[in-house]
Amino acid sequence: MLRRVVLQTFRQGLAQSFFKRNAASLSESAVTQHPIETSEEASEKSGSKQKNGDESGNTVVVAPPEFRFMYPEFLPDPTMERRNKLKEKLERMDMLQRRSIIEIPEFYTGSIMAVTVADSNSPNKFARFVGICIQRGGSGLQAWFILRNVVDRQGVEILYEMYCPLIQKIEVLRLERRLDESLLYLRDALPEYSTFPFEMEAERRLNNSVVPINPIKVKLRPRPWLERWERQNLQGVEDLNLPQRYYDRAKEVAKPWEKYDLMLQYRKTIPAEEQEKIYAEVHSQLQQQDLKRKIKRRRGPSSEQ
Amino acid sequence: MALQVQNFARIIPLSVPFCRSFHQCQPLNQIQLLTRLRVVDNSPIGKEAMLEGRPPKCIHVYNKTGVGTIGDKVLVAIKGQKKKAVIIGCKQKQKPLIPKFDSNNIVLIEDNGSPIGTRIHVPMPSILRKILKDRSVAKKIDFTKLLSIATKFV
């Protein structure tokens, strides 16, 4: 049963997300497969066709395409065994509810953030931590990010769960991206690359401007390292100055064919059609919340005057 | 000599599958027996050991798992002596909201829980306030002095 479901989703997902979009010749081959399909699939296909028709008539809401980068935690974990449509939907509702209470701004790995947490142990009952976001992950209510900073020449990292009720405030002090998706190599870099003052003020940003990419190249300390960075094809790192044999070995164990592995890509990602559905479901509420906050901010200073 | 080389050449093809005998995954960075630790207070013995480049070794963890975490007491071998210490920061992966440090930090203490040094130079996790308060036992071990010499909490 499970196998059949997997096969079905595989066919649909692949056919719709990759073949249809990328190459016309491949879509032809998909068309030739149609007679083999079961009646269920055919009915689903026709349903999707109807939806497409709706889209052309501008009746269906479509979320902006940048949403998948702004709110990646709304997408479920692509692992097949962990998928549960009901759970995902309930979690999305809970996430929106939490977002209506505190603002969780748009951020990326490489952004500098400040998080205020309710802390019963500290005398003023709050703890604020500033740092650079070195990694971000998880999906649904378990979404998390790691902040790193160097305080008194001691590297400190804290993992925050984004929807943890203890979090009081999340600020983005500098919104930018780096050349890499994960900045774990900052643990092996010189401390000045991850030192940020706690008194840092939020930088002003024009509305709807493009998120800048910081092209900084980080200098790593000499080996030993926590990981073999020379094997990870890092963009944001200066020349590693290793003996040639390290690069040779890295070339031996590299898997350059993986980027052509459609099946691997399919297993690791949510199909574009499903993404669109999910974001169409949440985007109106997200935009409403955003609008409300903007109005509040505008009214704030005027009421003070 | 030539015969040896020939023999060697005959052996090589048999061991072709290149396989290492030691593990290649990332270390867990647990504080356990013989872990090197970093003294972060300004006690003379700790300072000297760190400057010498011979940081103390953990020779016992006073808990049931044998793996030290924040707030645990350890016995360390430092400059040929045995001293007790409290772990105030771990390199190991931590739970959410608990800071993870780049080194395993300890503060040397006496048997009654009062620190040997007078200052701690690095930030301490603020949950330590609660942990150490809970672990203090009246008239036996008292960590309040240790908490009062801390400079910063994160």
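Some points to look at:
- Taking a ≥ b ≥ c as the square roots of the eigenvalues of the Cα gyration tensor, region A:206-261 is oblate, since a/c reaches 1.5 or more and a/b is not larger than b/c.
- The H on the amide N of B:Ile31, modeled in the peptide plane, is under 5 Å from the matching H of B:Gly68, each at least 5 residues off or on a different chain.
- Working note: Karplus 6.51/-1.76/1.60 with θ = phi - 60° gives region A:249-260 the couplings 5, 4, 5, 5, 8, 5, 10, x, 7, 5, 6, 9 Hz, where Gly and Pro are set to x.
- Residue-wise HN-Hα couplings along region A:66-77, as the Karplus relation 6.51 cos²θ - 1.76 cosθ + 1.60 with θ = phi - 60° gives them from phi, are 6, 4, 5, 8, 6, 10, x, 6, 6, 7, x, 5 Hz; Gly and Pro carry x.
- Span from the region B:108-154 Cα centroid across to the region A:160-233 one, whole angstrom: 32
- Distances between placed amide hydrogens fall under 5 Å for A:Arg177 paired with A:Ile213, A:Asn214, all partners being 5 or more residues away or on another chain.
- Cα gyration tensor category, rounded, prolate or oblate, for region A:145-273 with a/c compared to 1.5: oblate
- Neighbour counts of other Cβ atoms within 10 Å put A:Trp257, A:Trp229, A:Trp144 in the fewest-to-most order A:Trp257, A:Trp144, A:Trp229.
- With each label modelled as a point 7 angstrom along the Cα→C-beta vector, the A:Glu103-A:Asn241 pair spans 4.4 nm.
- Dipole in debye (nearest 20) - region A:107-268, about Cα centre, beta carbon charges: Lys, Arg +1; Asp, Glu -1: 280
- The HN-Hα couplings worked out from phi for region B:35-45 by the Karplus form 6.51 cos²θ - 1.76 cosθ + 1.60 (θ = phi - 60°) are 6, 7, 10, 10, 7, 10, 9, 9, 5, x, 5 Hz, whole numbers, x standing for Gly and Pro.
- Rounded to the nearest 20 debye, the dipole size of region B:25-148 about its Cα centre is 220 debye, using +1 on the Cβ of Lys and Arg and -1 on the Cβ of Asp and Glu.
- Three-way shape label, region B:25-148, alpha-carbon gyration tensor, a/c 1.5: rounded
- A:Val218 long-range amide H proximity, modeled H, under 5 Å: A:Val237, A:Glu238
Every number in this text was worked out from the coordinates using simple rules, so none of it is lab data. All of these numbers come straight from a predicted model, not from anything done at the bench. Glycine gets a Cβ as well: all are built from the backbone with ideal geometry, and neighbour counts include every protein chain shown.
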